[in-house]
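What follows draws every value from the coordinates through simple rules; no lab data is involved. Computed from a prediction, not measured in an experiment: that's the story for all the values here. Every residue, glycine as well, gets a Cβ built from its backbone with ideal geometry; the counts of neighbours run over all protein chains shown.
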Amino acid sequence: PKPQNPIDMKLLKKLNKMRLIFMRHGETFNNLLAAISPEAYNSRRVNEPPMSKQGKESTLLTGQKMKELGFSFDKIICAAHYRSLESAKLLRQGFGNETLPIELFLKCHEIGGVYEGDRMFPGLTKK
């Protein structure tokens, strides 16, 4: 008897080659505050922190190293936060492929939203 749901062998081969790589955004202003003290972090953090100089440099170098190691990508998917988009652009630049598509994943955000000082705001997609 013929199976009801035949396996699509082309799709199966493609899925076997799929690789997902998860990476956190580069270091931000808020990360620097957290390193100073919990009080500094809680009183001065912002809801869309800019990346630090070190965060930008390390993200760019990560892209360069991934290229050197032979990684290849079809696209970069990132959260709808400025730090995530900036990280995606720097990763792409380091990888040497400015045309690599960046897709915003709207369902990916901080747990509970984003914070400014001690006030919590909904994430961009949690309104």
Task: Distance in nm between pseudo-label sites at LEU106 and SER58 (7 Å out along the Cβ direction from Cα) - done: 3.2
Open item on the list: Loop only by DSSP, 14 or fewer other Cβ within 10 Å of the Cβ. Give me the GluC sites (Glu not before Pro) in the stretch 18-108 that pass, ordered by residue number.
Closed with: GLU98
TODO: Give a quick list of chymotrypsin sites (Phe, Trp or Tyr not before Pro) in the stretch 27-73 that DSSP marks as loop, anything other than H, G, I, E or B, with at most 12 other Cβ atoms within 10 Å.
DONE: PHE71
TODO: Return the distance in nm (one decimal) between the two label points of a simple spin-label model at GLN93 and VAL46, each offset 7 Å from Cα along Cα→Cβ.
DONE: 1.9
